[in-house]
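Remarks on the structure that follows.
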Amino acid sequence: MAARRAGRFTTALAVLLAGGALAGTALVGAAAPASGAPGAEQIAPGVEYREFDLAAAHGTVRVHVIGVDLDDKDVRVGLLHPDAVAARGTVSRLATAQGALAGVNGDFFDITETQHPGVAATGASVGPEIADGRALKAAVPRGQRFGPALPPGTTTEDVLGVGTDRRARLDRLTLSGTVTTPEGQVKLGGFNQYALPVGSVGAYTSDWGPVSRARTVCGTDTERGAPCSKDTYEVTVRDGRVTRTAGAPGSGAVPDGTTVLVGREAGAQRLRALSVGEAVRVEHRVTAVSGVPYAFAVGGFPVLRGGAAVSGLDGATAAVRTAVGVADGGHRLLLLALDGASAYRSGLTLAEVAAALRDLGASDGFNLDGGGSSTLVAREPGATKVTVRNHPSDGAERAVANGVGVFSGA
């Protein structure tokens with residue numbers, strides 16, 4: 001089975017190379033793998049690397065692809081991430097630290113806060129994260145995201161995930177939760193995310209990290225750069241009791257077993273009613289709309305569904321991109337990153353990304369962060385750590401919020 005699916009990757013790529021099936025483009029011949037050997041380079045059983053040149057509408061681009069056979073029981077895909085949600089690291093550092101064979105950068109993230117002087121960027125991702133079956137965070141409001149405009153019908157809750165059944169899917173992860181106090185119950189509006197909905201209460205755990213929570217009350221649901229709210233409150237809960245209150249979001253690591261509640265506007269008013277020593281119960285979970293339990297999930301947005309491009313995709317703006325394709329009914333993944341070297345920086349439009357993934361055999365496709373973030377790493381044969389296979393357009397790797405890692409027990 002593994003050999004057959006690996007063969008499908010090579011066959012699909014050969015068809016693309018031979019035919020230039022991507023509408024409006026032509027291939028400029030296949031570049032040899034970094035090893036110099038013809039054909040695909042096997043990183044490990046069930047994991048292959050290829051690169052090739054594609055003449056797209058805005059110029060020639062170089063495409064780097066990792067093919068992953070999820071039917072190989074020694075292979076798994078997981079989230080590359082730093083020690084905290086509000087932190088960043090380069091893809092190569094994250095992959096090497098976690099023992100990954102290969103990987104690409106992941107979701108868009110809170111990269112700058114120039115519109116909020118004195119407020120530090122958190123580095124936290126836009127969408128949900130699941131690592132090793134555990135939810136680390138939920139999605140920020142749509143108006144608070146970074147990255148290109150979302151296609152119609154998509155949301156910040158969209159994810160690419162691999163279920164506990166080892167099949168890859170596109171899905172949505174939603175937050176549900178409550179804060180129960182002596183005065184009643186409050187719906188939870190956020191979980192370890194850099195921006196809270198207006199009027200809500202968010203929960204922050206030890207996974208958030210030591211970075212200041214000041215950014216969480218800035219902007220609005222429709223305008224990321226709107227001023228920070230002045231109506232805020234923070235409550236620390238441990239062992240079911242309020243242990244501390246404060247008039248503004250704080251900073252510093254959240255100890256294990258402790259939850260910090262941050263409220264803005266109406267949410268702040270509800271938290272102000274609490275006093276030290278009062279009983280509070282916080283419950284939260286992040287679940288898939290499909291009901292599938294996920295071992296891994298990362299945010300971004302769909303560009304291909306059921307073999308057809310998502311409606312409303314930008315077909316004019318080209319950029320260096322990173323994307324993931326789901327093939328063979330979720331049994332195979334294609335991790336794709338464009339090269340950011342000056343000769344190839346013209347890039348692809350989102351519509352072209354969808355077409356390229358389809359021509360590589362994917363039925364579903366998911367766009368990740370691009371530009372200076374686009375990075376693909378893989379181990380050289382015999383190496384113990386990964387190397388960067390594309391050329392990041394910044395001239396060096398950018399520290400990112402997370403990534404998609406490929407692991408093998410072989």
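Rule-based calculations on the coordinates, nothing more; no lab input. Model, not experiment: these values are computed from the prediction. Please note: Cβ atoms are built from the backbone with ideal geometry, for glycine as well, and neighbour counts cover all protein chains shown.
Points worth noting:
- Helical content of the chain, expressed as a calculated mean residue ellipticity at 222 nm, amounts to -3000 deg cm²/dmol (DSSP H runs of 4 or more residues, -39,500 (n - 2.57) each, divided by residue number, nearest 500).
- Solution diffusion estimate, µm²/s, Stokes-Einstein, the range 217-282, Kirkwood Rh from C-alpha pairs, 25 °C, viscosity 0.890 mPa s: 196
- Unit charges at the beta carbon, dipole of the chain: most positive-side option, Asn105, Pro227, Ser393: Pro227
- By average C-beta atoms within 10 angstrom, highest first, the peptides 287-297, 398-408: 398-408, 287-297
- Full-stretch length increase - Thr243, Glu380 - with 0.36 nm per residue and alpha-carbon distance subtracted: 44.2 nm
- Ranked by the mean number of other Cβ atoms within 10 Å of their residues, highest first, the peptides 311-319, 364-372 fall in the order 364-372, 311-319.
- Kirkwood analysis of the Cα pair distances in the chain returns a hydrodynamic radius of 21.6 Å.
- Distance between modelled label sites at Ala273 and Ala343, nm, 7 Å Cα→Cβ extension: 6.7
- Eigenvalues of the alpha-carbon gyration tensor of the range 134-274, scaled by 5 and square-rooted, set the equivalent ellipsoid semi-axes at 26, 19, 14 angstrom, largest first.
- Across the chain, the mean sequence separation of Cα contacts (distance under 8 Å, 6 or more residues apart), normalised by length, yields a relative contact order of 24 percent.
- For peptides 193-199, 203-209, sequence by mean Cβ density within 10 Å, most packed first: 193-199, 203-209
- Rounded to the nearest whole angstrom, the semi-axes of the ellipsoid equivalent to the range 275-392, taken from the Cα gyration tensor as √(5λ), stand at 32, 21, 17, largest first.
- Stretchable slack from Thr222 to Asp314, in nm (0.36 nm times residue separation minus alpha-carbon distance): 31.0 nm
- Note: relative contact order over the range 28-185, using C-alpha pairs below 8 Å and six or more positions apart, is 13 percent.
- Gain upon complete extension [Asp256, Thr387; 0.36 nm per residue less C-alpha separation]: 43.7 nm
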